[in-house]
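Below you'll find the structure, written out as structure tokens, and then a few comments.
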Amino acid sequence: MTTSLPLPAALRGFRLLMSAQFVSGLADSALLLVAIGRLAAEGGPVWLPPLLKLAFTLAYVLLAPFVGPLADRVPKAAVMSAANALKAGACAAMALGAPVGPCFALTGAGAALYSPAKYGLVTELMPPHRLVAANGWIEVATVLAVLLGTMLGGALLAWLAPATALAGLLALYGLAALLNLGIPDSGARYPAAPPLACQLGDFARANARLWRDPLGRVSLATTTLFWGVGATLQFLVLRWAEEDLGLTLAQAAWLQGLSATGVVVGALLAGRLVPLERAPQVLWLGVPMGLLLLPMPHIDHWLPALPLLACAGLVAGLFVVPMNALLQHRGATLLSAGRSIAVQNFNENASVLLMLAGYAWFSRQDLPLELLIRGFGLAIALLMALIALHHRHHHRHHRQAHRHKEIA
């Protein structure tokens, strides 16, 4: 369902949405680095930081059946403001000395509430032919927030006391909430959600419906794999930069930003070059995205790491933006904006949970970092080749069936 607002008002709302997303994402990324730094200062083991991200992600999976209907029930900008208030509360609790794990889980609850409202609002404000470009800009705002937030977190670790750093992040969450309040109501309305007791069954049916749809299935499988692997690679790259390149955590955070810069360029190119109807054609880019990880263990200096990470990010941006747009369009068509994003979040973050748990377990077994990196790279390439082949086979079968029907 698209907006009843005139296009200029919708575009102003979209720009405010991008600004709020950038500020909120900036605080989220910096908070993760500050939390990892606090764990390191406390002498935690190497497998503990992935579990921190796991605690954040668990909220997406557990709350998915409920946050989608909530995002459809009230104006989405108000939902996003409430979500930022929840994240600000978690940040304040951490500043007052509360344990990092539960605070980060509470931040995850705020993020889980924020996401279906944010992406659902994009679908409501933008017509289908603008969705890839809109997703490209949202991805640019998100990745820039990750890039600058990671750098900000590294700088805060290097220059400020933890309590002072967390106070600054608290101010960012407050600014994001204020920006959200300026976003207009899109005017989109949906049927009433089922009673709370029925929402689990309704969510299961919505999930199954999206997986049964051919385009929904291929885009959901792709983004599910992408975000699970991406979350794990965040920790792999940080560890690789520290162990093989000899960088500090703060320096490793800056290096990691290079791949995010590549994602920004790839997202902008995708918005210009890939219309929605051609989105499945980017599936094969998932194969080189995995293969680009294989040279990493042979690099022992930060200089040759720069072009490798930038190139990997470029391919990732070209790849994921059209898939996100396709999934949002099919989800909003088959379900509703908020419910479809909640289904997407459930699958993607269940993948993040499984892969982070696997990475934490493999790290605890003291497997060599080189083996972990190559295993992830080959797994990405193989799985993306299988998804692309499945889609090509289904598309060819559908065209043949349609041709035979026309002949008959």
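Computed quantities for the displayed model
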item: Solvent-accessible ranking of 227, 137, largest area first, probe 1.4 Å; result: 137, 227
item: FRET efficiency, residue 167 to residue 11 (Cβ-Cβ, R0 56 Å, nearest 0.05); result: 0.95
item: Accessible-area composition of the stretch 250-314, carbon plus sulfur, in percent [1.4 Å probe]; result: 72 percent
item: Rough spin-label spacing in nm, given labels placed 7 Å along Cα→Cβ, for residue 272 and residue 364; result: 4.8 nm
item: Net lengthening on full extension, residue 211/residue 265 (0.36 nm per residue, minus Cα-Cα); result: 16.4 nm
item: Three semi-axes of the equivalent ellipsoid, the chain, Cα gyration tensor, whole Å, largest first; result: 32, 27, 19
item: Per residue value of the accessible surface for the stretch 1-133 (all protein chains in place, 1.4 Å probe), Å²; result: 34 Å²
item: Relative contact order (%) - the stretch 120-271, alpha-carbon pairs under 8 angstrom, separation at least six; result: 52 percent
item: Under the Karplus curve 6.51 cos²θ - 1.76 cosθ + 1.60, θ = phi - 60°, whole-Hz ³J(HN,Hα) for the stretch 111-123, x wherever Gly or Pro sits; result: 5, 5, 6, 5, 5, x, 5, 5, 5, x, 5, 4, 5
item: Of 130, 205, 330, the one that fluctuates the most in a GNM where the chain has Cα springs shorter than 10 Å; result: 205
item: Protection proxy ranking, peptides 20-31, 358-369, average beta carbon neighbours within 10 Å, highest first; result: 20-31, 358-369
item: Relative contact order (%) - the chain, alpha-carbon pairs under 8 angstrom, separation at least six; result: 28 percent
item: Surface accessible to a 1.4 Å probe, residue 311 within the full protein complex, Å²; result: 60 Å²
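The values are calculated or read from the model by the stated rules, or taken from the named source; none is laboratory data. This is a predicted model, so every value here is computed, not measured. A quick note on method: Cβ atoms are made from the backbone with ideal geometry, for glycine too, and the neighbour counts reach across all protein chains shown. The accessibility values were calculated without ligands, DNA or RNA, using every heavy atom of the protein model including side chains. Shrake-Rupley method; radii C 1.70, N 1.55, O 1.52, S 1.80 Å.
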